[in-house]
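Notes for the one structure printed next.
The values are calculated or read from the model by the stated rules, or taken from the named source; none is laboratory data. Treat the numbers as computed from the prediction; the structure is a model and nothing was measured. So basically every Cβ, Gly included, is an ideal-geometry build from the backbone, and we count neighbours across all protein chains shown. Accessible surface is based on the protein model in full, side chains and every heavy atom, while ligands, DNA and RNA are left aside. Shrake-Rupley method; radii C 1.70, N 1.55, O 1.52, S 1.80 Å.
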Amino acid sequence: MSFIENIKNNLTVPNALSFMRIIIVVPFVMSVVADDYITAVSILVISGITDFLDGMIARKFNQVTELGKMIDPTADKITLMAVMICVGLKFPAVYPFMIILILKEILMLAAGGILVLLGEKPPAARWYGKVATAVFYVSIVMIIGVKAFFGFENAVFNEILMFLTALCMFYAVFRYGEIFIKTIKTRK
């Protein structure tokens, strides 16, 4: 495939949406730092919608590309890490949960890196990973949204949301861990 053909094949709506998700992380962070929670929650909703749409469009219109397979999870990780750090710093009640979720993301990246180094493909997203991500987005939008639209934060409410998010995330990491172990065992 020529260079031009390669570029044309990767110029897809899903890839553009994934790149957009990476770019809008900067205004999200700036909004949170400036305590502009309405803008922050709006950006986060846009990010969540485009995260949902990129995969759906790619599959429905046969626009799945190798670049998309790399850029989508990269956009997910960059967004998740930025959101976790910002929310953890601005909403002290959820700080411990954010530390745990960041460690979980690092563990997932390490496991994926090990598989790549072994010449294996990391597994595609499964339903439980998608549900955990959706719960994360909804929880964060609710935490920031309460602050944005009502001007206060409720530590107990925030902790309950993050506890539910952590449960979903841990279930997902456990299930992905099973896939990781099975992949390693079948190599021997």
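Helix 95-117 and the longest principal axis of the C-alpha atoms of the chain enclose an angle of approximately 10°. The shape of the range 26-129 comes out oblate: with a ≥ b ≥ c from the C-alpha gyration tensor, a/c is at least 1.5 while a/b does not beat b/c. Taking amide H positions as modeled 1.01 Å from N, with prolines and chain starts lacking one, no residue 5 or more places away or on another chain lies under 5 Å from residue 125. Entry note, the chain: relative contact order of 24 percent, from Cα contacts under 8 Å with a spacing of 6+ residues. Dipole of the chain computed with +1 at Lys/Arg Cβ and -1 at Asp/Glu Cβ about the Cα centre; of 162, 176, 74, farthest Cα towards the positive end is 176. In the context of the full set of protein chains, residues of the range 1-112 present 55 Å² of accessible surface per residue (probe radius 1.4 Å, heavy atoms only). Net charge dipole, the chain: roughly 760 debye, given to the nearest 20, about the Cα centre with Cβ charges of +1 for Lys and Arg and -1 for Asp and Glu. In the calculated pair-distance distribution of the chain, the portion above 22 angstrom amounts to 51 percent of the Cα-Cα pairs.
In the frame of its principal axes, the range 101-188 has Cα extents of 56, 19, 18 Å, reported largest first. If I compute solvent accessible area with a 1.4 Å probe over the protein chains, what percent of it on the chain is carbon and sulfur? Using a 1.4 Å probe with all protein chains present, the chain comes out at 74 percent carbon and sulfur. With a 1.4 Å probe rolled over the protein heavy atoms of all chains, the accessible area of 35, 72 falls in the order 35, 72, largest first.
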